[in-house]
Amino acid sequence: MSKPLFAGRLAAGLLVLSAGFSPALALDVHQGALILSHPWSRPTPPSAPTGAGYLTITNHGSAPDRLIAAASPAANQVQIHQMSMAGGIMTMRPVEGGIVIAPGATVSLAPGGYHLMFIAPRRPFKLGDQIPVSLTFERSGTVKLDLTVETPPAPGDSMPGMAMPVDPKGGH
Amino acid sequence: MARRWFLAGVVAVMIALGGAAALFWPMGAGGGGGGVGGRSVGGPFSLADQDGRPVTEQTLKGKPTAIVFGFTYCPEICPTTLTNMTAWLKALGPDADRLNMVFVSVDPERDTPAQLKSYLSAFDPRIRGLTGSPEAVARIAGEYQVYYRKVPIAGGGYTMDHSSAIYLMDAKGRFVAPIAFGTPFDSALASLRRLIHP
Ligand SMILES: [Cu+2]
């Protein structure tokens, strides 16, 4: 009786650990007052004219910053886009003026919302590839990092406003 | 875990209802033959598949159909839907051959049959990619009451706004139900099984 219970608790503890200390933390990039974490991209089919990049940006400074440009040798062009879904209709637009990261705020580029839009990738993105990208922030300057090509989460878990309220740990 | 799935289900249903209501009211109480103002979803069309073979509404009849509208320039929604379609076909096993899976491009200027063939090679080969002249695409979108719009992007190029739901049609080409984008995998799979075994 006690053994399975212990094993269960151990497993639960490991789950919490892995959720709280994801391996992505080891790859955090510090640039000025910003911390950039979990830069990733999704695999693209052959001849896909676009790709998408994601990451989380936290501003630990006392002034707002802004992601104003992105570039990559892996694509012809990288734009900063916002996808949204309203009434079942998908729309995607360049973000005018860039993405503001307020002091103390964390902004996620994630499926269903903001993304780095890779236009005309030079070759398909394959699982495990590292896609180099440089991001330019108004205050913190330009930072280079690699996006790891990963399997995206199931869409039901990634819609903005969906993942958060159903997170049993409450997120914060 | 149970609560999480329950909530996800509720949200998915809300999205499904909201999404459908924006365009048409899809289901009567018993489902089937839905439409708005007497107009039904679905109808005649004439397009070509990724191998250049002609496909019309008659080609699809005899088997139920799951049909979705998208474009290959789409970085997220369309590859996700096609990834799901591939996984559903695998999960359906032998039943998969009793169903048509169709991806219609709303961007025929860029999505030629050759482009669709290359792009779709990453997914289950049973998924048929359809494209045609802009007029032919406008016609099928009208028949299916699908919204799409070309939107120029500053700095060149354009994107397409488009309906994201998958429409389930019966073997006679009559509308049954939508699967909203973001519907949990298993609940969508259950809808496909019901479509195959009504
Ligand atoms: Cu985009």
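The values are calculated or read from the model by the stated rules, or taken from the named source; none is laboratory data. Here the structure is a predicted model, which is why all the values come from computation and not from measurement. Because the Cβ atoms are built from the backbone with ideal geometry, glycine has one as well, and the counts that use them run over all protein chains shown.
Can you name every residue in the range A:72-90 that is surrounded by fewer than 18 Cβ atoms within 10 Å (Cβ to Cβ) and more than 12 Å from the ligand (Cβ to nearest atom)?
So the first thing to find is which residues in the range A:72-90 are surrounded by fewer than 18 Cβ atoms within 10 Å (Cβ to Cβ), and the list is A:73, A:76-77, A:82, A:84, A:86-87.
Those that are surrounded by fewer than 18 Cβ atoms within 10 Å (Cβ to Cβ) and more than 12 Å from the ligand (Cβ to nearest atom): A:Pro73, A:Asn76, A:Ala86, A:Gly87.
Among the numbered conditions (1) within 11 Å of the ligand (Cβ to nearest atom); (2) surrounded by 21 or more Cβ atoms within 10 Å (Cβ to Cβ), tell me where A:Gly113 comes up short.
For A:Gly113, the exception is condition (2).
When you look at B:Gly155, is it within 9 Å of another protein chain (Cβ to nearest Cβ) and crowded, with 21+ Cβ neighbours inside 10 Å, yes or no? So that I can check it myself, show each step before the final result.
Details: within 9 Å of another protein chain (Cβ to nearest Cβ): yes; crowded, with 21+ Cβ neighbours inside 10 Å: no.
Spelling it out, it is not the case that B:Gly155 is within 9 Å of another protein chain (Cβ to nearest Cβ) and crowded, with 21+ Cβ neighbours inside 10 Å.
Would a scan of the range A:106-125 turn up a residue that is closer than 14 Å to B:Pro75 by Cβ and free of Cβ contacts under 8 Å to residues at least 24 places away in the same chain? Reasoning before the result, please.
The initial filter retains those residues of the range A:106-125 that are closer than 14 Å to B:Pro75 by Cβ, namely A:109-121, A:124-125.
Now narrow it down to the ones that are free of Cβ contacts under 8 Å to residues at least 24 places away in the same chain: none.
For the range A:106-125, residues closer than 14 Å to B:Pro75 by Cβ and free of Cβ contacts under 8 Å to residues at least 24 places away in the same chain: absent.
From B:Ala91, B:Ala66, B:Ala96, which residue is more than 11 Å from chain A (Cβ to nearest Cβ), at pLDDT 95 or above, surrounded by 14 or more Cβ atoms within 10 Å (Cβ to Cβ) and touching a strand residue (DSSP E or B) at 6+ places or on another chain (Cβ under 7 Å)?
Values: B:Ala91 fails: touching a strand residue (DSSP E or B) at 6+ places or on another chain (Cβ under 7 Å); B:Ala96 fails: touching a strand residue (DSSP E or B) at 6+ places or on another chain (Cβ under 7 Å).
Unique residue meeting the criteria: B:Ala66.
How about the range B:112-140: which of its residues are among the hydroxyl-bearing types (Ser, Thr, Tyr) and free of Cβ contacts under 8 Å to residues at least 60 places away in the same chain? Explain how you work it out, then say what you get.
At the first step, the residues of the range B:112-140 found to be among the hydroxyl-bearing types (Ser, Thr, Tyr) are B:112, B:118-119, B:121, B:131, B:133.
Selection gives B:Thr112, B:Ser118, B:Tyr119, B:Ser121, B:Ser133.
Return the residues of the range A:91-110 that are in a strand (DSSP E or B), within 16 Å of the ligand (Cβ to nearest atom) and in contact with a Leu (Cβ under 9 Å, 6 or more places away or on another chain); say none if nothing qualifies. Show your work before the answer.
So in the range A:91-110, the residues in a strand (DSSP E or B) come out as A:91-94, A:99-101, A:106-109.
Filter once more, keeping what is within 16 Å of the ligand (Cβ to nearest atom): A:91-94, A:99, A:108-109.
Across the range A:91-110, the qualifying residues are A:Ile99, A:Ser108, A:Leu109.
Can you tell me how many residues in the range B:117-130 are more than 14 Å from chain A (Cβ to nearest Cβ) and buried (at least 16 other Cβ atoms within 10 Å of the Cβ)? Before the answer, list the steps.
Start the filter on the range B:117-130 by keeping residues that are more than 14 Å from chain A (Cβ to nearest Cβ), which leaves B:126, B:128, B:130.
Still in the list and also buried (at least 16 other Cβ atoms within 10 Å of the Cβ): B:128, B:130.
Qualifying residue count for the region: 2.
For A:Ala63, which of the numbered conditions (1) touching a Pro at 6+ places or on another chain (Cβ under 8 Å); (2) within 16 Å of the ligand (Cβ to nearest atom); (3) farther than 24 Å from B:Gly182 by Cα fails to hold?
That leaves (2) as the condition not met.
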